[in-house]
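Structure record follows, encoded as structure tokens.
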Amino acid sequence: MPDEPRMRLGPDGRVILDEPTPTHLTAAEITNCPLCDDDGYRGSTICDHIDRTTTTARGLAAVRAALTKATQPHQPTPKNPPTKPPDTQTTPL
Ligand SMILES: [Zn+2]
């Protein structure tokens, strides 16, 4: 559970709100995370220390399957057999 913000009075009587450090920026979170560097960055993005590789892989697989299905020519299924084209032959007179 994140720390609650603390309030204190400044020398001029104003309320100063000390925001707690977000958990993703704490040194302990950064040290324990295998995904980010010593500054808490994963590449050029601030790391939230959540490994999403499984979710990402599942989403990519779903996208690839949908794209493959969309780009393949229509395959008739047993439920939907191809319709026989109308007989265009004309009988000789
Ligand atoms: Zn991290």
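Read the figures in this text as sums done on the coordinates, not as results from a lab. Just so it is clear, the structure is predicted and the values come from calculations on it, not from any experiment. Counting neighbours? That spans all protein chains shown, and the Cβs are built from the backbone with ideal geometry, glycine included.
Tabulated values for the structure
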| read-out | value |
| --- | --- |
| Förster radius 35 Å - calculated FRET efficiency between A70 and A27 (Cβ-Cβ, nearest 0.05) | 0.15 |
| Listed residues A61, L9, I46: farthest to the positive end of the dipole of the range 6-68 (Cβ charges) | A61 |
| Formal net charge of residues neighbouring T31 (Cβ-Cβ distance under 14 Å; K, R +1; D, E -1) | -4 |
